[in-house]
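What follows is one structure encoded as structure tokens, with my remarks underneath.
The values are calculated or read from the model by the stated rules, or taken from the named source; none is laboratory data. Given the structure is predicted, the values throughout are model-derived calculations rather than measurements. FYI the Cβ positions are ideal-geometry reconstructions off the backbone, even for glycines, and counts take in every protein chain you see.
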Amino acid sequence: MDYVSALLPPVVMAVFFVGLIVTIVKTQGGANKAKEDAAVDAAIARAESVRQTPRAGDA
């Protein structure tokens, strides 16, 4: 019985890890990909516009 209790935690962690990887792979792309890409592009554009806008004291 000691071998079962020794192997159980790694097996359980491996199963959860495989489930996590499968979930991540399944959620990539699909119907929400364009919406996610647009949100990222908008955030990058906002960050660049804030960084490039000169302040009144800098001129």
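Some points to look at:
- Condition met for A14 (in a helix (DSSP H, G or I) and modelled with pLDDT under 85): no
- Just so you know, in the range 32-55 the residues that are of a type in the set (D, E, K, R) and at pLDDT below 85 include one that is surrounded by the most Cβ atoms within 10 Å (Cβ to Cβ), and it is E36.
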